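Every number in this text was worked out from the coordinates using simple rules, so none of it is lab data. These figures come from a predicted structure and were not determined experimentally. Note: ideal-geometry Cβ built from the backbone for every residue, glycine included; neighbour counts use all protein chains shown.
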Amino acid sequence: MSLLSVRNLQVLFAGEHGEFAAVDDVSFDLAPGEVLGIVGESGSGKSVTALSIMGLLPRPPARVARGSIVFEGEDLLRYGERDLRRIRGPGIGMIFQEPMTSLNPVFTIGDQLMETVRVHERAGQKRQRDRAVEMLDKVGIAGAERRLDDYPHQLSGGMRQRVMIAMALICNPRLLIADEPTTALDVTIQQQILELLLDLREEFRMAIMIITHNMGVVAETADRVIVMYAGRLVEQAPVDGLFARPAHPYTRGLLDSIPKLSDERERLKTIPGTLPNPASVPPGCRFEPRCAWRVGACAAAVPPLAAIAAGHDSACIRHRELPVQ
Amino acid sequence: MTELLRVAGLTKHFPVGQGGPLNRGKAMLRAVDDVNFGVGSGETLGLVGESGCGKSTVGRMLLRLIEPTTGRIEFEGENLVELAPEAMRARRRHMQIVFQDPYGALNPRMTVEDIIKEPIEIHRTLNGRDARDRVLELLERVGLVAEHARRYPHEFSGGQRQRIGIARALALNPRFIVCDEPVSALDVSIQAQIVNLLQDLQADLGLTYLFIAHDLGVVKHISDRVAVMYLGKIVEIGAKRALYAEPLHPYTQALIAAVPEAKPRASRRKAAITGEIPSALNPPKGCRFHTRCPKVMPVCREVEPRTTEPKPGHLVACHLYPQEAPAPTPAA
């Protein structure tokens with residue numbers, strides 16, 4: 001059974017020239033304990049999808065126009081703020097790219113961790129403190145006891161991200177949503193944080209939804225991957241299948257345009273053109289204007305997701321004709 | 001290959017004001033410390049390192065946008081550090097910079113034409129009609145079109161704005177361009193376009209680049225040689241193939257190992273190094289990397305390693321390599 005099941009999600013944003021869909025008809029599932037990677041570039045809708053699940057969309061300008069988000073059998077879109085608060089924390093935790101936006105600069109990290117325990121567990125002072133120390137210890141912060149009195153600005157970027165993870169996990173969530181958790185970090189620190197997330201996943205038996213623009217991060221962490229482009233899901237597959245047999249021209253283009261450490265090509269392959277303006281997306285396949293494989297039919301209608309292999313879907317009407325790589 | 005640029009003993013210490021006037025300047029942020037390298041004419045030298053390693057400070061010092069504390073910057077045989085401001089301004093015609101954030105670097109109130117024309121007007125290289133023709137030629141050169149000239153920066157995507165920044169840098173026909181994280185802020189599918197553009201321009205115009213970036217993949221792709229910085233020092237420098245295939249310094253080894261590769265599972269392994277980058281206010285004694293180095297020895301905590309050349313053209317500053325023979329400096 002799915003831990004999380006998103007169906008036909010459509011999120012509209014009010015813009016200068018009326019509403020536009022930042023996320024359009026997106027459906028996917030997440031199994032308990034699974035690590036799902038969501039990759040995409042700017043405007044792909046990956047972060048908006050995450051915020052919809054958390055009930056954290058800025059409203060206005062955003063609104064969920066259609067769809068359902070079922071978490072452990074309950075449709076979160078029917079919930080009011082009070083019920084969502086019950087889910088956030090013990091049900092679903094979230095960490096963001098820039099921990100400073102989520103940590104309060106005027107409270108010590110101890111205060112913030114202990115408050116989280118207080119709100120969700122109604123625990124006493126001693127228990128709150130013990131939990132805070134225990135969590136800092138688990139996320140690899142040395143001298144946790146002393147660190148409780150530090151303010152966020154006294155910590156490095158990597159340390160702040162560890163504190164954010166401790167805060168998200170202190171209520172033992174079944175799902176952790178990590179939105180670009182390592183994008184602001186240096187590569188040696190990124191590696192430490194990714195490793196920490198995977199270790200904690202085992203320990204806490206939680207599922208992780210990792211949102212990133214970095215194909216390398218997805219390859220190293222995810223069990224399954226969703227690729228989004230301009231608000232739509234264009235491909236989903238188990239991680240091995242996606243990298244071995246990418247079945248959407250956009251996924252292929254993205255993989256080809258990354259300079260790899262192991263490769264010696266003189267020129268990088270590129271995807272021509274630019275990302276579409278979300279307010280005026282192409283009517284058919286949204287990747288059509290940039291696609292080397294486009295035919296007349298691509299602009300005429302939105303391509304449906306078609307099964308390529310078990311658990312592997314591509315929203316490309318020509319997926320069968322793409323050459324084997 | 002003749003050397004276009006040679007940097008020797010380049011150092012930048014920023015005094016850090018701590019509180020009142022009485023103790024101002026007591027703390028020193030040692031952003032760049034005794035950096036030496038050369039860049040051959042028509043070559044791309046990649047400069048990599050993590051945040052705070054001093055790579056951007058090096059780039060800005062080359063153009064004296066930041067004044068070095070000490071050191072020499074020889075450009076075409078002339079020491080730029082000794083030049084009077086007026087003479088330095090004249091040299092900047094030949095040395096330009098492209099920044100990471102094309103939006104921050106472009107005046108939002110100026111049209112693209114005025115932005116690209118500005119350096120031409122300051123240096124009075126062309127007038128009126130000729131200046132305008134030059135703008136149109138540059139736009140085409142970087143993959144934009146004439147009608148873009150009348151628009152404002154906010155009307156462009158990130159990749160297009162970076163093209164505008166590049167056109168502006170090319171306006172005076174420079175010989176040398178510092179590219180300071182030019183693709184870091186761009187989407188993956190756009191990055192490759194800009195990297196290819198920079199390579200095309202180099203081939204066509206005979207440009208020399210210092211390419212500063214934290215992305216090891218991009219640096220490997222575009223560079224001929226690569227220098228690795230850690231806490232204000234160059235720890236290793238060498239031809240890109242040798243450096244990536246057989247990194248000598250434990251920091252370079254860790255940095256390369258930490259890059260997540262787009263190959264599932266193959267690359268899932270334990271972090272090569274632990275800990276965080278120490279503060280440049282108080283860098284570790286001896287080798288600055290010793291606090292995180294998996295191969296640390298007692299000597300590393302006490303003695304700063306000399307730069308040696310274990311293999312021709314491949315320099316490293318590490319006690320793992322015989323220290324007696326100092327590197328013949330001009331070789332790099």
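For chain A, the 222 nm mean residue ellipticity estimated from helices alone, with every DSSP H stretch of n ≥ 4 adding -39500 (n - 2.57) and the total spread over all residues, rounds to -9000 deg cm²/dmol. For chain A, averaging the sequence separation of C-alpha pairs within contact (under 8 Å, six or more residues apart) and dividing by the residue count gives a relative contact order of 20 percent. Take the alpha carbon gyration tensor of region B:45-142, find the square roots of its eigenvalues, order them as a ≥ b ≥ c, and report rounded if a/c is under 1.5; if not, report prolate when a/b exceeds b/c, else oblate. The shape class here is oblate.
Sites listed here are GluC sites (Glu not before Pro) in region A:1-58 whose DSSP assignment is loop and whose Cβ has at most 16 other Cβ atoms within 10 Å: A:E16.
Amide H to amide H, with H built 1.01 Å from N, B:L4 comes under 5 Å of B:V39, B:G40, B:S41, counting only residues 5 or more places away or on other chains. Annotation for A:A292 and A:H17: the two label points, set 7 Å from Cα along the Cα-Cβ direction, are 3.1 nm apart. Please state the shape class of chain B: rounded when a/c is under 1.5, otherwise prolate if a/b exceeds b/c and oblate if not, all from the C-alpha gyration tensor. Because a/c hits 1.5 or more and a/b exceeds b/c, chain B counts as prolate. Using only DSSP helix segments of four residues or longer, with each worth -39500 (n - 2.57), what per-residue ellipticity at 222 nm results for chain B after dividing by its residue count and rounding to 500? Taking each H run of at least 4 residues, the total per residue is -9000 deg cm²/dmol. Between B:P85, B:P119, B:P182, the residue with the greatest mean-square fluctuation in the GNM of chain B (Cα pairs under 10 Å linked by springs) is B:P85. Taken along the Cα-to-beta-carbon direction at a fixed 7 Å, the label points for A:R63 and B:N127 span 6.2 nm.
Is the C-alpha gyration tensor of the protein assembly as shown telling us rounded, prolate or oblate? Criteria: a/c under 1.5 is rounded; beyond that, a/b larger than b/c is prolate, otherwise oblate. Oblate is the answer for the protein assembly as shown, as a/c is 1.5 or above yet b/c matches or exceeds a/b.
Phi-derived couplings, Karplus 6.51 cos²θ - 1.76 cosθ + 1.60 at θ = phi - 60°, listed residue by residue for region B:42-55: x, 9, 10, 9, x, 10, 10, x, 8, 4, x, 7, x, 5 Hz, with x used for Gly and Pro. Here region A:34-113 is treated with +1 on each Lys and Arg Cβ and -1 on each Asp and Glu Cβ, and its dipole about the Cα centre works out to around 320 debye.
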